[in-house]
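All remarks here apply to the structure that follows.
No value in this document is a laboratory result; all are computed from the given coordinates. Keep in mind that this is a model prediction, so the values were computed, not measured. Cβ sites come from the backbone with ideal geometry, for glycine too, and all protein chains shown count toward neighbours.
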């Protein structure tokens with residue numbers, strides 16, 4: 001369900017998505033969006049009216065530092081959890097994670113930087129999504145646990161709200177028993193707002209240089225991308241839950257996220 005506010009182009013509630021047992025994901029539990037930096041005061045009030053208590057920010061450390069504090073950071077009603085899905089190092093954060101890929105980690109950890117994915121499948125964008133799991137399983141598991149633990153509505157976002165956000169939201173929905181075809185449709189829906197998404201990012205100094213020469217078509221969320229991602233998870237690992245168990249996920253975690261999204 002689309003939610004229209006002034007400062008976002010890609011905000012929606014995943015409530016209403018059907019589950020495999022004939023039920024639906026409960027509205028008001030999980031929201032997804034693009035970058036929150038441009039929220040107006042009326043936008044913030046709208047989100048609070050929707051029950052927002054927790055924000056899961058999937059942007060890189062570099063993006064957060066470059067964009068500066070967002071308008072929700074001083075709102076005591078909202079807890080912000082930051083979990084980068086990129087391999088990166090920022091000053092003062094200790095030793096970098098071991099790099100198993102041949103290229104150097106860029107100083108500016110941004111989406112649309114053309115690095116070779118850690119995981120390689122035929123669909124290149126699906127390879128990037130699978131690489132989020134390979135490179136930052138800690139962030140994936142923490143984000144899913146925070147969705148489950150949120151007192152009110154949890155909002156997941158990155159820059160565009162379609163790739164990193166799409167990956168984490170798809171995992172959360174599938175853990176809650178959502179129908180895979182409906183999960184694919186939710187992922188693909190971001191294409192409906194792609195012009196507005198890109199226009200917002202081009203207005204930001206953080207993203208503009210990496211986007212100005214890219215065609216709009218390169219930002220579309222093609223259904224076959226999410227299909228390829230899910231097919232690899234199923235064939236290589238036996239499904240989302242067995243994959244996440246490798247990273248410390250537990251049956252109790254699954255019960256909590258199901259209770260959250262279907263309660």
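Structure values in brief
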| read-out | value |
| --- | --- |
| DSSP bridge orientation in the stretch 12-258 - percent antiparallel, rounded to nearest 5 | 25 |
| Value at 222 nm in deg cm²/dmol, rounded to 500, when DSSP H runs of n ≥ 4 in the chain each add -39,500 (n - 2.57) | -12000 deg cm²/dmol |
| Listed peptides 196-208, 53-65 by packing density, highest first (mean Cβ within 10 Å) | 53-65, 196-208 |
| By average C-beta atoms within 10 angstrom, highest first, the peptides 167-179, 217-229 | 167-179, 217-229 |
| Alpha-carbon radius of gyration plus Dmax, which is the widest Cα pair, for the chain in Å | 17.2, 49 |
